[in-house]
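K.L.:
Structure in structure tokens, see below.
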Amino acid sequence: MTDIERLAETVDTAAKTATAIPQLSIANTFDVDDAYRIQLTSIERRLARGEKIVGVKMGFTSEAKARQMGVDEVIYGWLTDAMHVDNGASIALEAFVHARAEPELAVRLGKSLEGEVTPEEAWDAVDSVAPAVEIIDSRYEQFRFSLVDVIADNSSSSGFVLGEWQDKPSDVSDLAMQLVVDGDIIAEGSTQAVLGDPRKSVAKAAEMLARYGSKLEAGWIVLTGGATAAIALQPATRIENIVADLGTVSFNTTK
Ligand code: OOG
Ligand code: MG
């Protein structure tokens, strides 16, 4: 087993068993390219168990998130069908190490997208948008990590909830978002926080995947990144993201 395979197994097992682990970089030296190799190898383990890739998530596309976690480089991670949570469903927190939620804009691609593209070209490939909540869960103790650690851990991907898909508006650069917990607004933001315009996040996804020989496929989802800081999930609560013009997406946590 190579070091990449060994570290991929470590993060995959931590995710599968919802067990916190020390940051990989404490005992191992690896760079960003290696981190994406570990990430992909850990996803291949999921695929071998029957999961399917349904898209990607972008991380640290907003300053609020970058500041909260102390990492200021844009990253990506893979989304699989097993991470999808139905709109309005309930999740049990035992399945996670220390889950958090963040309000996002999701897009669905009508066409594949590859390499360096402009935000306009990226938007041309998008066919629908939906309000979303990403459920992130770092497998690292205390939800703390360095850039390479978080990438190796599939950029904390662990769940996503999607509202109703609707035709893409021509302008998504300033849609107001409210993260609501049990009826109280906990965080407010705008899609403007996402690289100034979430279309740029879609373009960046295509560019970053190309560095490692991949492309965004038609039918895939892109989570464009949290518009506000993430909030820690508590038992027995209802979480909603209310997005201007697009409506609401919600889920509950069980007791
Ligand atoms: C990493 C993932 C960041 C976002 O939307 O910025 C992310 C993390 O914060 O654990 O998903
Ligand atoms: Mg996110």
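The values are calculated or read from the model by the stated rules, or taken from the named source; none is laboratory data. A quick note: this is a predicted structure, and the numbers were derived from the prediction, not measured. Cβ: placed from backbone, ideal geometry, glycine included. Neighbour counts: every protein chain shown. Just the protein is used for accessible areas: all its heavy atoms, side chains included, with ligands, DNA and RNA removed. Shrake-Rupley method; radii C 1.70, N 1.55, O 1.52, S 1.80 Å.
K.L.:
Where residues in the stretch 50-72 are more than 14 Å from ligand 2 (Cβ to nearest atom) and under 24 Å from TRP220 (Cα atoms), which of them is farthest from the chain's Cα centre (by Cα)?
P.N.:
The selected residue is GLY50.
K.L.:
Of all residues being within 17 Å of LYS215 (Cα to Cα) and open to solvent by 50 Å² or more (accessible area, probe 1.4 Å) in the stretch 40-60, which is nearest to ligand 1 (Cβ to nearest atom)? Just the residue, please.
P.N.:
That would be LEU40.
K.L.:
Where in the stretch 48-123 are the strands (runs of 3 or more DSSP E), entirely inside, with at least 2 residues that are closer than 22 Å to ALA176 by Cβ?
P.N.:
Values: elements: 53-59, 75-80, 100-109.
Of the strands (runs of 3 or more DSSP E) lying wholly inside the stretch 48-123, those with at least 2 residues that are closer than 22 Å to ALA176 by Cβ span 53-59, 100-109.
K.L.:
Considering only residues of the stretch 107-155 that are among the aromatic types (Phe, Trp, Tyr) and within 18 Å of the chain's Cα centre (by Cα), which is surrounded by the most Cβ atoms within 10 Å (Cβ to Cβ)? Spell out how you get there, then give the answer.
P.N.:
Filtering the stretch 107-155 for residues among the aromatic types (Phe, Trp, Tyr) gives 123, 140, 143, 145.
Keeping just the survivors that are within 18 Å of the chain's Cα centre (by Cα) gives 140, 143, 145.
Numbers: TYR140: 25, PHE143: 19, PHE145: 23.
Per the stated criteria, the residue is TYR140.
K.L.:
Go through SER201, SER158 for me and flag whichever is open to solvent by 10 Å² or more (accessible area, probe 1.4 Å), outside any loop (DSSP other than H, G, I, E, B), within 24 Å of ASP81 (Cβ to Cβ) and within 12 Å of ligand 1 (Cβ to nearest atom). Lay out the reasoning, then the answer.
P.N.:
On the way: SER201 fails: open to solvent by 10 Å² or more (accessible area, probe 1.4 Å).
None of the others qualify; the one that does is SER158.
K.L.:
Out of all the residues in the stretch 161-185, which are part of a strand (DSSP E or B), among the aliphatic types (A, V, I, L, M), touching a residue at least 40 places away in the same chain (Cβ under 8 Å) and away from ligand 2 (no atom under 16 Å from the Cβ)?
P.N.:
Of everything in the stretch 161-185, those that are part of a strand (DSSP E or B), among the aliphatic types (A, V, I, L, M), touching a residue at least 40 places away in the same chain (Cβ under 8 Å) and away from ligand 2 (no atom under 16 Å from the Cβ) turn out to be ALA176, VAL180, VAL181.
K.L.:
Can you list residue pairs whose Cβ atoms sit under 7 Å apart, with the first residue in the stretch 116-128 being without any contact (Cβ under 8 Å) to a residue 60 or more places away in the chain and the second being of a type outside the set (A, V, I, L, M, F, W, C) and loosely packed, with under 15 Cβ neighbours inside 10 Å? Count only pairs 6 or more apart in sequence or on different chains.
P.N.:
These pairs meet every condition: ASP127/GLY110; SER128/GLN166; SER128/ASP167.
K.L.:
So, one more: For residues that are outside any loop (DSSP other than H, G, I, E, B) and open to solvent by less than 40 Å² (accessible area, probe 1.4 Å), scanning just the stretch 211-227, find the one that is nearest to ARG37 (Cα to Cα). Lay out the reasoning, then the answer.
P.N.:
So the first thing to find is which residues in the stretch 211-227 are outside any loop (DSSP other than H, G, I, E, B), and the list is 211, 216, 221-223.
Going one step further and asking which of them are open to solvent by less than 40 Å² (accessible area, probe 1.4 Å), we end up with 216, 221-223.
On the way: LEU216: 18, ILE221: 21, VAL222: 20, LEU223: 21 Å.
Taking the candidates together, the pick is LEU216.
K.L.:
If you don't mind, there's one more thing I want to ask. If you go through the stretch 5-39, how many residues are outside any helix (DSSP H, G or I) and crowded, with 16+ Cβ neighbours inside 10 Å?
P.N.:
As a first pass, look at the stretch 5-39 and keep what is outside any helix (DSSP H, G or I): 18-23, 28-31.
When the remaining residues are screened for being crowded, with 16+ Cβ neighbours inside 10 Å, the result is 18, 21, 23, 28, 30.
Qualifying residue count, the stretch 5-39: 5.
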